[in-house]
1. Of the conditions (1) away from every other protein chain (no Cβ under 14 Å); (2) surrounded by fewer than 15 Cβ atoms within 10 Å (Cβ to Cβ); (3) assigned to a helix (DSSP H, G or I), residue A:467 fails just one. Which one is it?
2. Which residue out of A:496, A:492, A:462, A:487 is in contact with a helix residue (DSSP H, G or I) (Cβ under 6 Å, 6 or more places away or on another chain), closer than 20 Å to residue A:583 by Cα and crowded, with 17+ Cβ neighbours inside 10 Å?
3. Take the stretch B:109-133 and flag every residue that is more than 14 Å from the chain's Cα centre (by Cα), surrounded by fewer than 16 Cβ atoms within 10 Å (Cβ to Cβ) and within 18 Å of residue B:91 (Cβ to Cβ).
4. Does the stretch B:40-57 contain at least one residue that is within 14 Å of chain A (Cβ to nearest Cβ), at pLDDT 85 or above and part of a helix (DSSP H, G or I)?
5. Answer yes if at least one residue in the stretch A:547-562 is surrounded by 17 or more Cβ atoms within 10 Å (Cβ to Cβ), touching a strand residue (DSSP E or B) at 6+ places or on another chain (Cβ under 7 Å) and within 21 Å of residue A:512 (Cα to Cα), and no otherwise.
6. All but one of (1) more than 15 Å from residue A:434 (Cβ to Cβ); (2) in contact (Cβ under 8 Å) with a residue 24 or more places away in the chain; (3) within 14 Å of another protein chain (Cβ to nearest Cβ) hold for residue A:337, so report the exception by its number.
7. Just checking, how many residues over the stretch A:124-168 are in a strand (DSSP E or B) and under 18 Å from residue A:209 (Cα atoms)?
8. In the stretch B:75-102, which residues are crowded, with 18+ Cβ neighbours inside 10 Å, within 12 Å of chain A (Cβ to nearest Cβ) and touching a strand residue (DSSP E or B) at 6+ places or on another chain (Cβ under 6 Å)?
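The values are calculated or read from the model by the stated rules, or taken from the named source; none is laboratory data. Bear in mind that the values here come from a model prediction, so they are computed numbers and not experimental data. Heads up, the Cβs are rebuilt from the backbone with ideal geometry, glycines too, and the neighbour counts pull from every protein chain shown.
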């Protein structure tokens, strides 16, 4: 997964987690708070409703009190003032003024002096409702106030409908007794009145009988409350609205009336919309900030890291250490870029040095090749041109001896023989020196060489050159080395040939070829019991034309061991000698298991 | 022993004298034509088989060819001979001082019939010439001088 994807994913997960957490928290704290607030508000509303109704009752009681505590009414109830009836009871104005449906003037004896109902709708006088008449039987508290301030008011659940009722003792204007009766005003709590209450309280109200099935059972189960204490129930009726119920008890604490208010859940809705708006804005902020963070991350880190990575990849693919990655700014990524560039610089320096080294090497190789070519040309010339005069000297010496036979004395003949012998020696030296130069020039091809086998065949050839000699060859089995077959053959021919030559004066010659371990590496040796030499001169042996014996004793040009040494050097090996005069000589040589001259 | 000529291509007067002496001492009586450089040798051979300047138009029985020659060297002479239709079967013996491996290889590669090193020891030289004469002029059956398939 790329760094970019991972960053985006982490941001998304963190932000979503935050959003979900906040959503849950707001549901359990904020929304619950709003719901409680709403409930309190609804409860308050319902108290207002109850309060408004109580105010109505108080007003009604006040009106009844005004009428009852009035000298004219005091006189009228005893049948003494007919003018009171004429001016106050014959017209309907008072019904409208007080919005009352019933007016009763009852004498303390129980007889109804004046009583009428009134329909406020069509302005007709009606009968006093039957239900009310049953409540105003003699002895009832409504008609028999016990003292001058003994008026009462409240709600009556009449069969005709719920009614607000106020009853006041009829006394003088100075509120002096004796009480002559009671004035009772009644107002139906009908739809219109409920509507009026609705307008006052700004609530949508309806009334329900307590026993109505629509009334919540909790209300019906409420035990009889202490007088006139309203019982209020508030509950949501759905997500958009809630219901409030106020239980109103009757005047005597009997079954009363339920006022129901439908209220929109504005607070809860507000809470919800606020929460939603909050979450939405949080989401918007989150998305925006995520985008900003991503953008910044992309700008400041990701793109630069990607660029850096691509740059390094390109440079790696092209192998061009002179290229540089671009470095902008002074932060950690820029520092990384600088480190990469410094590394590239070092790499470039190394490459340059290496290139210079390989150029020098190539120059040296070229110089070496030129030298080899020159040597080759030189050898070629030597091979051709140095022999021709020798051949002339030899040929014409012989021609002189033949053609002028008898004309030279014995000393002259001897001189001619010496000339010819010297010519032969010179010829051999040329041949040997050419061999040495060939060994130097020739390419070394490495392969596995069976030295034991090679030595046996060399020994057999030597035996053939002088079949009359008796020489014991002791050649160890299984000796092998890695090297150039041709060159190693030359080396063995020289070493075994020397041993053969220098044991020529031994009646029982012994030549040994074997190997031993010195300092953990294999050392080959060729050992003979021949003439040997003084070890003090051993170092001179390997220089060309250096001899420790006269040609008269043992023939030779002194190039053989020089050739052997050069062959060993070209293989990365070494040759050295140990000897004792008249006891024999041992030549050691080493060949590396692998490697050697490059 | 047939009567055809021997062509000796040799620039060194001493070597020429010694070779002639060796041939004589070995009783080789054929005519010996000597050319001192490669250009002369080529000219001689091409003129021979072309117009027959010497009147015979007959190729020599044997060419003794030195390698180190002025103007045109022995290897080039050999290459030209082997390229010519008339001369490509002519027996050529390289007779030289060199024993360089590259010379031997190049000579055989260009179609030399034999490669003989001139020994410094005149006795050995005599012996070499004797054997050469015996082999190439007596024992060996050369290519027919006429009727070369074209």
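1. Unmet condition: (3).
2. On the way: A:492 fails: closer than 20 Å to residue A:583 by Cα; A:462 fails: closer than 20 Å to residue A:583 by Cα; A:487 fails: closer than 20 Å to residue A:583 by Cα.
That would be A:496, the only listed residue that is in contact with a helix residue (DSSP H, G or I) (Cβ under 6 Å, 6 or more places away or on another chain), closer than 20 Å to residue A:583 by Cα and crowded, with 17+ Cβ neighbours inside 10 Å.
3. Passing the criteria: B:109, B:131.
4. Going through the stretch B:40-57, the residues within 14 Å of chain A (Cβ to nearest Cβ) turn out to be none.
Within the stretch B:40-57, not a single residue is within 14 Å of chain A (Cβ to nearest Cβ), at pLDDT 85 or above and part of a helix (DSSP H, G or I).
5. Within the stretch A:547-562 (the criterion being surrounded by 17 or more Cβ atoms within 10 Å (Cβ to Cβ), touching a strand residue (DSSP E or B) at 6+ places or on another chain (Cβ under 7 Å) and within 21 Å of residue A:512 (Cα to Cα)), the answer is no, since none of the residues qualifies.
6. If we test residue A:337 against (1) more than 15 Å from residue A:434 (Cβ to Cβ); (2) in contact (Cβ under 8 Å) with a residue 24 or more places away in the chain; (3) within 14 Å of another protein chain (Cβ to nearest Cβ), just (3) comes out false.
7. Pass one, the stretch A:124-168, residues in a strand (DSSP E or B): A:124-126, A:152-158, A:161-168.
After this cut, where a residue has to be under 18 Å from residue A:209 (Cα atoms) as well, the list is A:154-158, A:161-165.
Number of matching residues: 10.
8. B:95 - this is the single residue of the stretch B:75-102 that is crowded, with 18+ Cβ neighbours inside 10 Å, within 12 Å of chain A (Cβ to nearest Cβ) and touching a strand residue (DSSP E or B) at 6+ places or on another chain (Cβ under 6 Å).
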